[in-house]
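Structure first, then comments.
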Amino acid sequence: MNVTIWNEHRHEKTNPRVAALYPGGIHEAIAAPLRAHPAVGTVRTATLDDPENGLPVRVLDATDVLLWWGHVAHKEVCDSTVQRVQKRVLEGMGLIVLHSAHHSKVFKALMGDTCSLRWREATDRERLWVVTPAHPIAAGLPAHFELPAEEMYGEPFGIPAPEHVVFISWFTGGEVFRSGVTWQRGNGRVFYFRPGHETYPTYHNAHVQRVIANAVQWARPVVRIADACPNTAPLEPLP
Ligand code: ZN
């Protein structure tokens, strides 16, 4: 299985706190445990400032599951890149959308909704409850786990009704949020996972790493079928 981790890679270059937490970039922090995972083959990374946003056709053709982290530069992602990614998801590529990528062009294009939410950057404690324990993305996780410091995201979350809600988060301030949700889009599987604010060490958390590894395996393509709308001959003689 070939995994590509896309990161806009901007906070790490301008905020020393983020650079200290993620010296190789958020993409490398996500990549490291996946590179050590027996079910994952190639792990590559791509960033916004790479040619064609790091996602030319040849990269997407060689990607089974794409992970996406973005925040301040959603508008800088080329519309042609968004169209290529959306097409590949509809053909069968898996997509895992992380944290502030809820407002990425790619996610909004696939959801067809606002994808808006309430938020607060005030070092809330987050407790994630596993609400669908039989789902493959919850494999090996405890009934709940905590992140001692995170940005708060609260409901209502402007998304279409998910196929499964795997996690619900509770925050110190009292809010709740559907923090791990799945959809099918065309032949592809999509998973949104909430934690991952850049100024906290979230991607170094073992439970978060487990969720991402589970999600990568769950999202791998079952089929890859190019979009077509063919005029077809009948199988039986027509009267
Ligand atoms: Zn954030």
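Brief remarks on what is shown
- Residues (surrounded by fewer than 21 Cβ atoms within 10 Å (Cβ to Cβ) and either within 14 Å of the chain's Cα centre (by Cα) or assigned to a strand (DSSP E or B) (or both)) located in the stretch 183-193: Trp183, Gln184, Arg185
- Test: Arg58 is more than 16 Å from the ligand (Cβ to nearest atom), among the basic types (Lys, Arg), assigned to a helix (DSSP H, G or I) and touching a strand residue (DSSP E or B) at 6+ places or on another chain (Cβ under 8 Å): no
- Scan of the stretch 71-86 for residues that are within 16 Å of the ligand (Cβ to nearest atom) and in a helix (DSSP H, G or I), ordered by number: His74
- Restricting attention to the stretch 189-204 and to residues that are touching a strand residue (DSSP E or B) at 6+ places or on another chain (Cβ under 6 Å) and more than 15 Å from the ligand (Cβ to nearest atom), the residue that is nearest to His144 (Cα to Cα) turns out to be Phe191.
- Single condition Gln184 does not satisfy, out of (1) over 25 Å from His71 (Cβ atoms); (2) touching a residue at least 24 places away in the same chain (Cβ under 8 Å): (2)
- Pairs where the first residue, in the stretch 94-122, is free of Cβ contacts under 8 Å to residues at least 60 places away in the same chain and under 16 Å from Trp69 (Cα atoms) and the second is buried (at least 16 other Cβ atoms within 10 Å of the Cβ) and polar (S, T, N, Q), C-beta under 7 Å, 6+ apart: Val106/Gln86; Ala109/Gln86
- In the stretch 156-179, of all residues being among the β-branched types (Val, Ile, Thr) and in a strand (DSSP E or B), the one that is nearest to Arg118 (Cα to Cα) corresponds to Val176.
- Put simply, of Phe157, Phe191, Phe145, Phe167 the only residue that is in contact (Cβ under 8 Å) with a residue 60 or more places away in the chain, under 30 Å from Thr63 (Cα atoms) and hydrophobic (A, V, I, L, M, F, W, C) is Phe191.
- For the residues Leu55, Leu67, the requirement of being out of contact with any Gly (no Cβ under 6 Å at 6 or more places or on another chain), at pLDDT 95 or above and within 18 Å of Val166 (Cβ to Cβ) singles out Leu67.
- The residue that is farthest from Phe107 (Cα to Cα), among those in the stretch 160-175 that are in contact with a helix residue (DSSP H, G or I) (Cβ under 9 Å, 6 or more places away or on another chain) and surrounded by fewer than 20 Cβ atoms within 10 Å (Cβ to Cβ), is His164.
- Note on the stretch 74-103: residues that are small (Gly, Ala, Ser) and either surrounded by fewer than 16 Cβ atoms within 10 Å (Cβ to Cβ) or within 15 Å of Ile26 (Cα to Cα) (or both) total 3.
The values are calculated or read from the model by the stated rules, or taken from the named source; none is laboratory data. Since this is a predicted model, take the numbers as computed values, not measurements. Every residue, glycine among them, receives a Cβ derived from its backbone with ideal geometry; neighbour counts consider all protein chains shown.
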